[in-house]
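Visitor: A single structure is presented below for examination.
Bear in mind that the values in this text are calculations on the coordinates, not laboratory data. Model, not experiment: these values are computed from the prediction. Virtual Cβ from ideal backbone geometry, glycine too; neighbours counted across all protein chains shown.
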């Protein structure tokens, strides 16, 4: 999410730069079992559009490299209570209720391999 912030009139990290970083990271850990969790929305329309674009790009990179990807953006984009958690905190991070939602999304995903038997 930090890369999608406008700083000094420019994006902190170009979208193609973010994608390259993810590609490099995922290629560097290919000997490990890896799961990628995408960025969540923050509830600010313009930045959320940038976050969604980055999330989509990350998903594509993960798919090409065979890495499971959990898309938090789509799961939380229409969740008003999650967005309220973010806005009532610092505008970028939710309070505990929002993190609980994130944990439930990840934990309930069929991609999450730490399920109890």
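Visitor: Which of these, 98, 66, 43, has the largest mean-square fluctuation under a Gaussian network model of the chain (Cα springs below 10 Å)?
Guide: The residue that fluctuates most here is 66.
Visitor: If the chain between residue 49 and residue 90 were fully stretched, how many nm would it gain, using 0.36 nm times the residue separation less the Cα-Cα distance?
Guide: 12.9 nm
Visitor: Can you compute the helix-only [θ] at 222 nm over the chain? Use -39500 (n - 2.57) per DSSP H run of at least 4 residues, normalise by all residues, nearest 500 deg cm²/dmol.
Guide: Roughly -16000 deg cm²/dmol at 222 nm, from the helical runs in the chain.
Visitor: Once you've got the GNM for the chain with C-alpha springs shorter than 10 Å, pick whichever of 49, 62, 80 has the biggest mean-square fluctuation.
Guide: Result for the chain, Cα springs under 10 Å: 80 fluctuates most.
Visitor: Taking other Cβ within 10 Å of each residue's Cβ, how do 32, 82, 69, 21 sort, fewest first?
Guide: By the 10 Å Cβ count, ascending, the order reads 32, 21, 69, 82.
Visitor: Just to compare against my own numbers: the Cα pair-distance distribution for segment 2-108, 10 Å bins, whole % per bin, please.
Guide: The distribution over segment 2-108 is 15, 43, 34, 8, 0, given as percents.
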